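Bear in mind that the values in this text are calculations on the coordinates, not laboratory data. The model shown is predicted, which means the values in this text are computed figures rather than measured ones. Counting neighbours? That spans all protein chains shown, and the Cβs are built from the backbone with ideal geometry, glycine included.
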2 protein chains.
Amino acid sequence: MTHPIPLMIQERLDKIPMLIAMQIDYRFYDGNELLLACPLSPNINDKGSVFGGSISALATICGWTMTSLEALKAGINCNVVIAEQTLQFLKPANSELLASCKCAAPENFCHRLQAGRRVRLDLNVSLSSEGESIAIFTGGYVAIPPKELPKGT
Amino acid sequence: MTHPIPLMIQERLDKIPMLIAMQIDYRFYDGNELLLACPLSPNINDKGSVFGGSISALATICGWTMTSLEALKAGINCNVVIAEQTLQFLKPANSELLASCKCAAPENFCHRLQAGRRVRLDLNVSLSSEGESIAIFTGGYVAIPPKELPKGT
């Protein structure tokens, strides 16, 4: 069953005009897997396939949203920032692009956030088009609780 | 002295609507270094800094343009595709974002293209804002000559 995107996360996403330009569509979330999509047309490149920058941006926001969703499971509306990413392009995406991410929060993720500590989450995002894998993304995200304790305390 | 972007490359860039949405500006090219920029406003994120997806997209197209420029030095209007990338985010970009790339084509780059062979070029792109380095990008690009010889010949 698909859960709606929580309003606290949607409000953050609505502040990013590039997501509107890309026509990113929230497709599915069941508490474990998140699926986002964007159409070819606004994201097309000079070769008629999806622009690499759009592939990277869709994957980035898919992992970002998953990290935000995991933090909300701990009851905390976190700031989430991306620290690093790698992306391997396997083949062109010639139609709608899909990004899929499964949650992989470590056991202490919720506890650290609830204790006022920032936590890093490393996520894999699979990119596909027309049923085929077209790219593999890994991103390292940092969730920062609103009332963060000073380092060393 | 700044060289204009060659028409053959500009025609390819004009086919990518995301570059228009990002308001990417060609700033400088002297035959060795290329500088691209984009303003904060269309690329802003929920925290008021530049969206990570925009940082990645600007870096991606900076390396892509440099690879295309290097191929034109060999007299060849190549298709260029990105094969892989890594991106480390160092700090937020709170103003205009700049991407800078210096050419680093290996000695055999031109010869291979002229012989009808595809060539991979690995490039570093430096991202900065307000005079400070904010991210480091590396991209592996493949230049494919229009009359490519079949593999194994």
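Between the beta carbons of A:LYS47 and B:ASN108, assuming R0 = 30 Å, the FRET efficiency works out to 0.75 to the nearest 0.05. In this assembly of identical copies, the label point of A:ASN108 (Cα plus 7 Å along Cα-to-Cβ) is separated from its counterparts by 4.9 nm, sorted shortest first. Computed over the protein assembly as shown, the P(r) curve from all C-alpha pair distances, binned at 20 Å from the origin, holds 34, 55, 12, 0 percent per bin. The distance separating the Cα centre of the range B:114-133 from that of the range A:15-43 comes to 28 Å. Taking a ≥ b ≥ c as the square roots of the eigenvalues of the Cα gyration tensor, the range B:64-153 is prolate, since a/c reaches 1.5 or more and a/b is larger than b/c.
Rounded to whole numbers, the Karplus 3J(HN,Hα) couplings from phi for the range A:33-41 are 10, 10, 10, 10, 9, 8, x, 5, 3 Hz, using 6.51 cos²θ - 1.76 cosθ + 1.60 with θ = phi - 60°, and x at Gly and Pro. Extension gain for A:GLU132-A:MET1 works out to 44.8 nm (0.36 nm per residue, less the C-alpha to C-alpha distance). Simple rule: put +1 on each Lys or Arg Cβ and -1 on each Asp or Glu Cβ in the range A:7-144, find the dipole, and look at A:SER133, A:PRO106, A:LEU13; the Cα lying farthest toward the positive end is A:PRO106.
When Cβ neighbours within 10 Å are restricted to other protein chains, what is their mean count per residue of peptide A:17-26?
4
Taking Cα atoms only, the orientation of helix A:52-73 departs from the longest principal axis of chain A by about 30 degrees. Each other copy holds its own label point for A:ILE20; taking that point as 7 Å from Cα along Cα to Cβ, the gaps run 1.7 nm, nearest first.
How would you rank B:23-35, B:126-138, A:42-54, A:2-14, highest first, on the average number of other Cβ atoms within 10 Å across their residues?
A:42-54, B:126-138, B:23-35, A:2-14
Over all pairs of different C-alpha atoms in chain A, the reciprocal of the mean inverse distance, the Kirkwood hydrodynamic radius, equals 15.9 Å. Considering helices alone, the calculated mean residue ellipticity of the protein assembly as shown at 222 nm is -7500 deg cm²/dmol, with DSSP H runs of length four and up weighted by -39500 (n - 2.57) and normalised per residue.
Return, ordered by residue number, the residues of the range B:102-116 whose backbone nitrogen is under 20 Å from a label point located 7 Å along Cα→Cβ of B:LYS151. Those under the cut-off are B:112-116. Rounded to the nearest Hz, the phi-derived 3J(HN,Hα) couplings of the range B:123-139 under the Karplus curve 6.51 cos²θ - 1.76 cosθ + 1.60 (θ = phi - 60°) are 10, 9, 10, 9, 9, 9, 8, 6, x, 10, 5, 10, 6, 10, 10, 10, x, where x marks glycine and proline.
Going by neighbour counts of Cβ atoms within 10 Å, the residues B:ILE20, A:ILE61 line up, fewest first, as B:ILE20, A:ILE61. Using the Karplus relation 6.51 cos²θ - 1.76 cosθ + 1.60 with θ = phi - 60°, the per-residue 3J(HN,Hα) values for the range B:99-116 come to 10, 10, 9, 9, 5, 8, 6, x, 4, 8, 4, 5, 4, 5, 4, 5, 8, x Hz, with x marking Gly and Pro. Extending 7 Å from the Cα toward the beta-carbon at both B:ALA115 and A:SER95 defines two label points whose distance is 4.0 nm. Shielding of B:78-91 by partners, i.e. mean partner chain Cβ atoms within 10 Å per residue? Mean number of neighbouring Cβ atoms from other chains: 5. Estimated from the Cβ-Cβ distance and a Förster radius of 41 angstrom, the FRET efficiency linking A:LYS73 and B:LYS15 is about 0.45.
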